[in-house]
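Below: one structure, written as structure tokens.
The values are calculated or read from the model by the stated rules, or taken from the named source; none is laboratory data. All values derive from a computational prediction rather than experimental measurement. Cβ placement follows ideal geometry from the backbone for every residue including glycine, while neighbour counts extend to all protein chains displayed.
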Amino acid sequence: MAKHRELKVTVQHSRGRCYCPKMLEKETRRIVGAMMSTRLANTLRITIKVRDKNYSGRGHNLRGSHGLAVVKNLEDQKTKSKKYVVYLTKDRSQASLLDTLAHELCHVHQMAQGRLRVIRKGGVKFWAWRGEGKKKLYSMDSDYYSQPWEVEAREAGRTYR
């Protein structure tokens, strides 16, 4: 008999004001349930970390942004990791926080499906995007607003918040 798995969501926050962790967990489950298949969602382990606006730690920098989604082992995506960390800044309205949460969970979805990856080619990192059956490489400093995964995530932020 197969082992039953289900989506695991953990919420962590630094000292000071934080939106209710139970609310963030509930909203994460709601958004993931609407965005992804149950089969995919049940393989994921998502940690939501709510941090100060200028948080910078473990190589992740939230300066100038409101959120960040990362694979636990971003550099070693050959292992098909299903562990993701979503960083959110806490100095925002609840509506803005939920918009960013949906945006970042869209990136988790893209990475879990293998549509968005970071690869090295000749010692240089690139974004690898597989959309509409085609794989295309983008420079790490390509224009944010024209990156197809960001266009999709901005739409998800508006749709699922």
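I want to confirm something. Restricting to segment 112-124 and keeping residues that are among the hydrophobic types (A, V, I, L, M, F, W, C) and modelled with pLDDT under 90, which single residue is farthest from Ile46 (Cα to Cα)?
Among them, the one singled out is Ile119.
Could you please find all residues in segment 89-104 being in contact with a Gly (Cβ under 9 Å, 6 or more places away or on another chain) and within 15 Å of Ala153 (Cα to Cα)?
Leu97, Leu98, Asp99, Thr100, Leu101, Ala102, His103, Glu104 - these are the residues of segment 89-104 that are in contact with a Gly (Cβ under 9 Å, 6 or more places away or on another chain) and within 15 Å of Ala153 (Cα to Cα).
Restricted to segment 14-25, and to residues that are of a type outside the set (A, V, I, L, M, F, W, C), part of a helix (DSSP H, G or I) and surrounded by 13 or more Cβ atoms within 10 Å (Cβ to Cβ), which residue is modelled with the lowest pLDDT?
Pro21
Is there any pair linking a residue in segment 42-55 that is modelled with pLDDT of 90 or more to one that is of a type in the set (Asp, Glu) and surrounded by fewer than 20 Cβ atoms within 10 Å (Cβ to Cβ), with Cβ under 6 Å and at least six apart or on different chains, and which?
Sorted first by the residue in segment 42-55, then by its partner, the pairs are Asn42/Glu6.
With segment 86-161 as the region, which strands (runs of 3 or more DSSP E) entirely inside it contain at least 3 residues that are under 27 Å from Arg39 (Cβ atoms), in contact with a Lys or Arg (Cβ under 7 Å, 6 or more places away or on another chain) and touching a residue at least 12 places away in the same chain (Cβ under 8 Å)?
124-131
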